[in-house]
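> I have a structure here, written as structure tokens, and I will follow up with some questions on it.
The values are calculated or read from the model by the stated rules, or taken from the named source; none is laboratory data. In this text, all values refer to a predicted model and were calculated from it rather than measured experimentally. In this analysis, Cβ positions are derived from the backbone assuming ideal geometry, glycine residues included, and neighbour counts consider all displayed protein chains. SASA here: full protein model, heavy atoms, side chains in, ligands and nucleic acids out. Shrake-Rupley method; radii C 1.70, N 1.55, O 1.52, S 1.80 Å.
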Amino acid sequence: MKSFHHIALSVFAKPEDDAAKLAQGLRALIPFSLEDEHLVLEDHRAKGFNERTIHTMSVHLIKDRHINAFVDSFLQRLSRQQRIQLTQEAESRLDSEIMFFIRIDKDLWANERIVQLTDSGNCYHFKCHVSAFPSKREVALDVVTKVFKPD
């Protein structure tokens, strides 16, 4: 069963962050070689407050095999309690365009490779377009619940 049409993974790096380390963390979330699969880790720069340069690094997964490999890998990293949390919070994590959002703690993942769900902005961010037919909120919630249900 196809669960997502596409997934965008991203992280913001402030000047005080180690951008290279955060980029490595983004790559570590993906269970295959970006280069071998001809995917690009994009790095956009913008000026923030006080002329500080902010990096926005992202990877976009659009092929089913990439999405499935990422989802399978991510599910293995989640604890049973985290899966329960995602299903319980599915309503608030799903927007009107059936995008499902997940955030994991940036420092814990970058430094220790520990997945910890978070609501803070200091995170790795996953934006998942749910594959729901028909494209309705109730159907999307059902898909998300099936994907993250604890075994």
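> How much of PHE12 can a 1.4 Å solvent probe reach, expressed as accessible area in Å² and rounded to 10?
Result for PHE12: roughly 100 Å² accessible.
> What spacing in nm lies between the two simple spin-label points modelled at LYS63 and SER96, each 7 Å away from Cα in the Cβ direction?
3.6
> Work out how much length GLN81 to LYS47 would gain on full extension: take 0.36 nm times their residue separation and subtract the Cα-Cα distance, in nm to one decimal.
8.4 nm
> Over the chain, what is the relative contact order in percent, taking alpha-carbon pairs closer than 8 angstrom and at least six residues apart?
31
> What size of dipole, in debye to the nearest 20, comes out for the chain about its Cα centre when the only charges are +1 on Lys and Arg C-beta atoms and -1 on Asp and Glu C-beta atoms?
Here the chain has a charge dipole of around 220 debye.
> Moving on to the next point. Could you sort the peptides 79-92, 104-117, 39-52 by per-residue average Cβ neighbour count (10 Å cutoff), highest mean leading?
Numbers: 79-92: 14.4, 104-117: 16.6, 39-52: 10.8.
The packing order, highest mean first, is 104-117, 79-92, 39-52.
> Something else about it: For region 1-82, what is the relative contact order in percent, using Cα pairs closer than 8 Å and at least 6 residues apart in sequence?
Computed value for region 1-82: 39 percent relative contact order.
> Further question: Ignoring ligands, DNA and RNA, please state the percent of accessible area on region 1-82 from carbon and sulfur, probe 1.4 Å.
Reported share for carbon and sulfur atoms: 52 percent.
> Lys/Arg Cβ at +1, Asp/Glu Cβ at -1, dipole of the chain taken about the Cα centre: which of THR87, GLY48, ASN68 is farthest positive-ward?
THR87
> Please give the calculated 222 nm ellipticity per residue for the chain, where each DSSP H segment of at least 4 residues contributes -39500 (n - 2.57) and the sum is spread over every residue; nearest 500 deg cm²/dmol? Present the calculation step by step, with values, prior to reporting the outcome.
Working: 6 runs with 57 residues, N = 151.
Rounded to the nearest 500, the figure is -11000 deg cm²/dmol.
> I'd like the Karplus ³J(HN,Hα) series for region 128-134: coefficients 6.51, -1.76, 1.60, θ = phi - 60°, whole numbers in Hz, and an x wherever there's a Gly or Pro.
Listing the rounded values in order: 10, 7, 5, 8, 10, 10, x Hz.
> Among residues other than GLU89 whose Cβ falls under 14 Å from its Cβ, what is the net charge (Lys/Arg +1, Asp/Glu -1)?
+1
> Collect residues whose amide H, placed 1.01 Å from N in the peptide plane, falls under 5 Å from the amide H of SER131; neighbours closer than 5 in sequence don't count.
PHE4, HIS5
> Using alpha-carbon pairs under 8 Å, 6+ residues apart, how would you state the relative contact order of region 61-150 in percent?
Over region 61-150, the number comes to 31 percent.
> Expressed as an acute angle from 0 to 90° and rounded to the nearest 10, what is the orientation of the C-alpha long axis of helix 19-29 relative to the principal long axis of the chain?
The angle comes out at about 20 degrees.
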